[in-house]
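Asks: Before we start, here is the structure in question, set down as structure tokens.
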Amino acid sequence: MIMGSFIFFLLIFVFIGLLSSFYSKKTQEDYLTTGQSTSPWLVALSAVATNNSGYMFIGVIGFTYTTGLSSFWVTFGFFFGDYLASLFIHKKLRVISGEKKAHSFGELLSSWQGKDHKRLRVLVGLMTLIFLSIYAAAQFKAGSKALHVLFGWDYSLGAIIGGIMVLLYCMAGGMRASIWTDAAQSFVMIFSMGILTFTAISSLGGVSEVYLKLNAVSPTFLSLVPSSLADQGLSALTLFAFGWILAGFGVVGQPHIMMRFVTLDNPKNMKKARVYYYSWYGLFSLLTIVVGLCARLLIPETSSFDSELALPLMSKNLLPEVLVGLILAGLFAATMSTADSQILSCSGALSKDIFPQKKPNLLVTKLFTILAALFSLSIALYGSANVFNLVVVAWSVLAAAFAPFITLLALGYYISEITALFMIVIGVLTTLAWRELGLSSSIAEVAPGIAAGLFVFFISNKLKDLFYKKSDAIS
């Protein structure tokens, strides 16, 4: 029964994706950006499903299971930082993409100031390809973990199934298929998480009983202060929270999410899309934390237990088989909704930025889609990192690479190509070094990465001012 229910819902998603092919205009522009014809509610639900992926279903629930209520800062930081960015960047992004007819993230950033910065375009394309492939691999891993728990299948099988299904409807309808299935998946995601939240709380005796039992787990389990910062005062917590807010602000550096907003039918509708997006995002985030906390009470902690398996195990223990299939479909929906958008962004990077065609060629773009999917799948099959770490690394690097640059562009600053290249490279290296040195427990690595990019811009401007002053003095 579980498998039947699971397969039923997955087939619905595939059907919706294939159905979108009948509305496709068979052009590269339509394949990558829907010809900028998507309604606000579809853009919003697609962005929600893309953002709230296997990272939320598997990674955040597992993280909450392990750390307790202090995981709130991760969720709050991502939400609040995301919201701040939307206030002045998203609409500008949509306007510029329409003016420049940009169909990939690299094409958009490199042509923003009216020039085609080819070296910048290639670098953005390469960064998109490498780190979104890692990100997509994390989604395939998340799905494979769930199938392993519920059906006993080999870890690789779930990843392969997810890869094939995503590729099928991406090839059929491109971005339109991705957005349509994302919207359907977002409903399943919120519905399945809602059912699990209600069932878990009821089985534990109600809200008050859950609170008492969580207090008994450990003295710090319901503390908002992470255990690593317990003795370091308010300033340490503020710095920690600020790091995650910057991580959330880094959404503007995520090509697969920002290209969703590029597909909006009219820049004037961005406010409507924002209302839909943050209402859905906030509710789903809250439910995720509650489920993670309940999981700690329902599933005993052992040294051999993988906390990222909490969701499928809870579903199997609490729900009827039909609903277990629904939950699993919701989890798979989350992973696919992110993976498909990332693979399409990689396809755009390959066809528009790294190997640009003299004339738009839809067939070549689709071939690149296949290559991108195979690359991500190979990382999922042979990589060893867990879902949470894979996502945090990929997100942080992309945020550090692109968020400072796109923020300054949106604020109207001029940035030369060489400065932009240095901003990206220094930001990425700082992020990776910070994580390698083990400093992420005090402040998320994305914060120093973004700061480094902004610092490069500041130094560049100071050097230019100094040069011009000397030139004026000589003349």
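Asks: Using 1/(1 + (r/R0)^6) with R0 = 30 angstrom and r between the beta carbons of residue 227 and residue 279, what's the FRET efficiency to the nearest 0.05? Provide the component values of the computation, followed by the final result.
Replies: Numbers: r = 32 Å, r/R0 = 1.08.
Taking R0 as 30 Å, the efficiency between residue 227 and residue 279 is 0.40.
Asks: Pairwise over distinct Cα atoms, reciprocal of the mean inverse distance: report the Kirkwood radius of region 385-458 in Å, one decimal place. Can you show the working numbers first?
Replies: Numbers: mean 1/r = 0.0813 Å⁻¹.
Here the Kirkwood hydrodynamic radius works out to 12.3 Å.
Asks: Please state the charge dipole magnitude for the chain, taken about the Cα centre, from unit charges on C-beta atoms (+1 on K and R, -1 on D and E), reported in debye and rounded to the nearest 20. Can you show the working numbers first?
Replies: Details: 31 positive and 22 negative charges, 308 e Å.
In debye, rounded to 20, the chain gives about 1480.
Asks: If the cut-off is a Cα-Cα distance under 23 Å, which lysines reach residue 213, setting aside same-chain residues fewer than 8 apart in sequence?
Replies: The qualifying lysines are 316.
Asks: What Kirkwood Rh does region 106-180 have if only Cα atoms enter the pairwise 1/r average? Answer in Å.
Replies: Values: mean 1/r = 0.0684 Å⁻¹.
Hydrodynamic radius (Kirkwood, Cα only) of region 106-180 equals 14.6 Å.
Asks: Multiply the residue separation of residue 207 and residue 101 by 0.36 nm, subtract the distance between their alpha-carbon atoms, and state the gained length in nm to one decimal. Could you put the intermediate results ahead of the total?
Replies: Details: separation 106, 0.36 × 106 = 38.16 nm, distance 5.20 nm.
Contour length minus the Cα-Cα distance gives 33.0 nm.
Asks: Each label point is 7 Å from the Cα along the Cα-to-Cβ direction; what then is the distance between the points at residue 416 and residue 378, in nm?
Replies: Label-label distance for residue 416 and residue 378, simple model: 3.9 nm.
Asks: Divide by every residue of the chain the summed helix terms, -39500 (n - 2.57) for each DSSP H run of at least 4, and state the resulting mean residue ellipticity at 222 nm, rounded to the nearest 500 deg cm²/dmol.
Replies: Helices in the chain give a 222 nm mean residue ellipticity of -25500 deg cm²/dmol.
Asks: How long are the three semi-axes of the equivalent ellipsoid of region 190-327, in whole Å, if each is the root of 5 times an eigenvalue of the C-alpha gyration tensor, listed from largest down? Walk me through the numbers before you get to the answer.
Replies: Working: eigenvalues 193, 120, 38 Å².
Semi-axes, largest first: 31, 25, 14 Å.
Asks: Between residue 272 and residue 7, with labels modelled 7 Å along Cα→Cβ, what's the label distance in nm to one decimal, could you check?
Replies: About 4.1 nm separates the two model spin labels.
Asks: Now for a separate question. If you wrap a convex hull around the Cα atoms of region 197-264, how much volume per residue is inside, in Å³? Present the calculation step by step, with values, prior to reporting the outcome.
Replies: Details: hull volume 10.8 nm³, N = 68.
It is 159 Å³ per residue.
Asks: I would also like to ask the following. Take region 8-158, drop everything but the C-alpha atoms, weight them equally and run the Debye formula without solvent; then report log10 I(q)/I(0) at 0.13, 0.17 Å⁻¹ to two decimals.
Replies: Evaluating at q = 0.13, 0.17 Å⁻¹ gives log10 I(q)/I(0) of -0.89, -1.34.
Asks: Relative contact order for the chain: what percent, with Cα pairs under 8 Å and sequence separation of 6 or more?
Replies: On the way: 815 pairs, mean separation 157.8, N = 475.
Dividing the mean separation by the residue count of the chain yields 33 percent.
Asks: How high is the FRET efficiency from residue 22 to residue 451, r the C-beta distance, R0 60 Å, rounded to 0.05? Please list the in-between numbers first.
Replies: Values: r = 48 Å, r/R0 = 0.80.
FRET efficiency, residue 22 to residue 451: 0.80.
Asks: Which of the pairs 141/352; 100/352; 100/464; 91/141; 115/464; 100/358 have their Cα atoms more than 24 Å apart in this structure? Could the numbers behind the result be given before it?
Replies: Working: 141/352 28 Å; 100/352 13 Å; 100/464 28 Å; 91/141 33 Å; 115/464 20 Å; 100/358 16 Å.
Violating the 24 Å Cα-Cα cut-off are 141/352; 100/464; 91/141.
Asks: While we're here: Would you please put 264-273, 69-78 in order of how densely packed they are, using the mean number of other Cβ atoms within 10 angstrom per residue and starting with the highest?
Replies: Numbers: 264-273: 18.1, 69-78: 21.6.
The densest-packed peptide leads the list: 69-78, 264-273.
Asks: Any chance you could get the radius of gyration and Dmax over the Cα atoms of region 283-420, in Å?
Replies: Computed over the Cα atoms of region 283-420, radius of gyration and Dmax are 20.3, 59 Å.
Asks: Would you be so kind as to identify all helices of the chain, as entire DSSP H runs, whose Cα atoms reach 27 Å or more along the helix's own axis and whose mean Kyte-Doolittle hydropathy is at least 0.5?
Replies: Working: long enough: 118-151 (48 Å, 1.05); 155-203 (43 Å, 1.27); 270-298 (41 Å, 0.85); 321-348 (40 Å, 1.23); 362-382 (30 Å, 2.03); 387-410 (32 Å, 2.18); 417-436 (29 Å, 1.33); 446-474 (42 Å, 0.70).
For the chain, where a helix must reach 27 Å along its axis and average at least 0.5, the hits are 118-151, 155-203, 270-298, 321-348, 362-382, 387-410, 417-436, 446-474.
Read the figures in this text as sums done on the coordinates, not as results from a lab. Quantities reported herein were computed from a predicted structural model and do not represent experimental measurements. In this analysis, Cβ positions are derived from the backbone assuming ideal geometry, glycine residues included, and neighbour counts consider all displayed protein chains.
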